[in-house]
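Structure record follows, encoded as C-alpha cells.
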Amino acid sequence: MSVLAVGLSYRTADLRTLERVAVGAGELDKLLHQLQQSEHVDEAMLVSTCNRIEVYAVVETFHGGLADVSEVLARHAGCATADLYDNLYVHYAGAAVEHIFSVASGLDSMVVGETQILGQVRNSYATAREAGTVGRTLHELIQTTLRVGKRVHSETGLDALGASVVSEALGEAPDLSGKHAVIVGAGSMGALSASQLRKAGIGSITVVNRTLENAQRLAANVSELGVPAVAAPMPELADRLAGADLAVSCTGAQDVVLTAEHILPREGRELVICDLGLPRDVDPAVAAVPDVRVVDLETVRRRMDDTGGRSSARQIARATGIVLDEVREYLAGQRSAAVTPTVTALRKRAAEVVDAELLRLDHRLPDLEPGVRDEFARTVRRVVDKLLHAPTVRVKQLAAADAKGTDYANALRELFELDPASPAVVASPSPQPNTDGETQ
C-alpha cells in the first residue's frame, strides 16, 4: 500500500474547471465513500478549498488507484475522465508525502506562506475520519503533516510575510477605514474575512447567511473583538448591500447566491464585491452593474502572478529545506515500521521454540529441581535474545536507511522460514484517533 495524491489547483486549472470539480460540504461524505469503495483504494481524504481540490488515497497499485480516483472526480464533475487529465497533477509514494507537507506549509499556496491551508487540511482529515475513510496510514501521515506545517511557520516566519487569499482579495478594495462591509456566509471563510476586515480597520459588518443562527454567532464574535456587527437572513441581502461599501461572499454553495437583482441603484457610490466562493457565489452579470466592481479568484491569481508573491527567497528556501528533511525522516520511519511486524513475528517464533524445548526438558527430566529449571530457562531465553538482538536492530536500521526499496522483511521471512501470514497476525491494531486527532 502506498499514498497517492491526485488533484488540480490554480496552478493547473482555470476557475471554470475548478468550479466543476469543487466539492461542497454536503457532498464530501458521498465522495469519500465512493473513493474508499473503489477497487484499488483502501483509505481516502479529500481537500477542497477555494483554489485546490485534492484527493489523498492509500492504494494497492499506482495505475489502478489513479484510474479509480480520476473516475470518481470526473463523475462528480459531470465530465469524461479524459477531460480532466490535462488539469490533474499526480504524486505517488514519497512524492505524495513531499507534496502534502509542502501544501500544509503554505509553499504550494497562491499566496506563499498563508496559514489558512493548515487548518483546511486539519478539517479535511477530521471529516474523513468521521466518515470512516481514514486508517493507520493516512492517520500517521496527516498527524505528521500538521506537525511539519506548524514547524515551518514557527521556524521560518513564512506566515508573517504570507497572507491569505482573503487579504489579497481585500487588497483590491479601497481604503476600508470606517466603511461598512457585508459578509455573505458564516463558515470558516466568513470568519477569516471578518478577521481580515477588522485588521483593515472596517467600521462595521453585517453577516448574511442562510442559517440565521450561524450568522448571529459570527456577528457576536466580531462584536466581542470591537467591531460593531449584526446578522441578517439571506432574503435581506439586497437591502443590506444597499448600505455597504464592500461585500465578501464565501458561502460554499453550489449555485450563485448574489445576482444583479440584489444590487439596488448605487447613485455613484462604488461597491466592491469579493467573490471567494468555489464554485463562484456571484453571477458574472453583476460585474456589468454600474458602480460595482467584482474581485474574484482569477483577479487574485493575476495579482499574485504580477507581484510574484511576498515571501522572500531565503524564507522559501529555509521552509523547503525543512520539508525535505521531514520527508526523509518520515519515509525512513515508514520503512523501519514496515519491517517491525516481521521482527516481532521472529521473536514470537523464537519464544515458541524456547517454550517447546523447555516443555520437552520437563518430560525428559521430570524430577529436575524447580530452581534449576527456572535458571536454565532464563539462561536459554537470554541466549536467544542476545542472538536476535543485533540482527533485528540492524535490519530496522538498514530498512530505514535504504531508499531503494529492498525488502528486508521478506529476507527475514525467508531466512527464518516464517509463515508469510505471521507478521500480519502479530501487527498492532490501527490506532484510534480521539476527537482532537491524536492517537490514543
If you take the residues of region 395-409 that are in contact (Cβ under 8 Å) with a residue 24 or more places away in the chain and in a helix (DSSP H, G or I), which of them is nearest to the chain's Cα centre (by Cα)?
ALA400
Just give me the residues in region 22-68 being under 15 Å from the mean Cα position of the chain (by Cα) and assigned to a loop (DSSP other than H, G, I, E, B), in sequence order.
VAL23, THR49, CYS50, ASN51
Picking from VAL207, VAL184, VAL256, VAL227, the residue that is touching a Lys or Arg at 6+ places or on another chain (Cβ under 6 Å), of a type outside the set (Phe, Trp, Tyr) and buried (at least 17 other Cβ atoms within 10 Å of the Cβ) would be VAL227
Take the conditions in contact with a helix residue (DSSP H, G or I) (Cβ under 9 Å, 6 or more places away or on another chain), among the acidic types (Asp, Glu), surrounded by fewer than 16 Cβ atoms within 10 Å (Cβ to Cβ) and on the phi < 0 side of the Ramachandran plot and apply them to GLU357. Does it pass?
yes
Would you be able to tell me the number of residues in region 381-399 that are modelled with pLDDT of 85 or more, out of contact with any helix residue (DSSP H, G or I) (no Cβ under 7 Å at 6 or more places or on another chain) and among the β-branched types (Val, Ile, Thr)?
1
What number of residues within region 109-124 satisfy the criterion of being more than 15 Å from GLN196 (Cβ to Cβ), among the hydroxyl-bearing types (Ser, Thr, Tyr) and part of a loop (DSSP other than H, G, I, E, B)?
1
Pick out, from region 175-291, the helices (runs of 4 or more DSSP H) lying fully within it that include 3 or more residues that are over 27 Å from the mean Cα position of the chain (by Cα).
212-224, 237-242
In region 118-155, which residues are more than 8 Å from the chain's Cα centre (by Cα) and under 16 Å from CYS50 (Cβ atoms)?
GLY119
Mind checking whether some residue in region 211-223 is surrounded by 15 or more Cβ atoms within 10 Å (Cβ to Cβ) and in contact (Cβ under 8 Å) with a residue 60 or more places away in the chain?
no
Condition check: among the hydroxyl-bearing types (Ser, Thr, Tyr) and free of Cβ contacts under 8 Å to residues at least 24 places away in the same chain. Does THR379 satisfy that?
yes
Test: VAL300 is without any contact (Cβ under 8 Å) to a residue 60 or more places away in the chain and assigned to a helix (DSSP H, G or I):
no
Is one or more of the residues making up region 224-243 touching a residue at least 60 places away in the same chain (Cβ under 8 Å) and touching a helix residue (DSSP H, G or I) at 6+ places or on another chain (Cβ under 7 Å)?
no
Matching option when the condition is assigned by TED's automatic domain parsing to the domain that holds ALA104 and at pLDDT below 85, among LEU141, LEU158
LEU158
Report yes if ALA96 is closer than 24 Å to GLU329 by Cα, at pLDDT 95 or above, assigned by TED's automatic domain parsing to the domain that holds VAL59 and crowded, with 18+ Cβ neighbours inside 10 Å, otherwise no.
yes
Reported set for region 268-322 where residues are over 30 Å from GLY24 (Cβ atoms) and at pLDDT 90 or above is GLY268, ARG269, GLU270, PRO290, ASP291, ALA317, ARG318, ALA319, THR320, GLY321, ILE322
From the list ARG11, ARG16, which residue is in a helix (DSSP H, G or I) and either basic (Lys, Arg) or not assigned by TED's automatic domain parsing to the domain that holds GLY252 (or both)?
ARG16
From THR392, THR320, which residue is surrounded by 14 or more Cβ atoms within 10 Å (Cβ to Cβ), in contact (Cβ under 8 Å) with a residue 60 or more places away in the chain and not hydrophobic (A, V, I, L, M, F, W, C)?
THR320
Among the candidates GLU172, GLU155, residue that is surrounded by fewer than 20 Cβ atoms within 10 Å (Cβ to Cβ) and under 19 Å from PHE101 (Cα atoms)
GLU155
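Quick grid of which residues meet (1) among the small types (Gly, Ala, Ser); (2) out of contact with any helix residue (DSSP H, G or I) (no Cβ under 8 Å at 6 or more places or on another chain):
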| position | (1), (2) |
| --- | --- |
| VAL257 | no, no |
| ALA317 | yes, yes |
| GLU326 | no, no |
| ALA338 | yes, no |
| PRO341 | no, no |
In this structure, does GLU267 turn out to be acidic (Asp, Glu) and either touching a residue at least 60 places away in the same chain (Cβ under 8 Å) or within 21 Å of ARG198 (Cβ to Cβ) (or both)?
no
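The values are calculated or read from the model by the stated rules, or taken from the named source; none is laboratory data. As the structure is a prediction and not an experimental result, all values here were calculated from the model. Note that we place each Cβ from the backbone using ideal geometry, even for glycine, and neighbour counts take in every protein chain shown.
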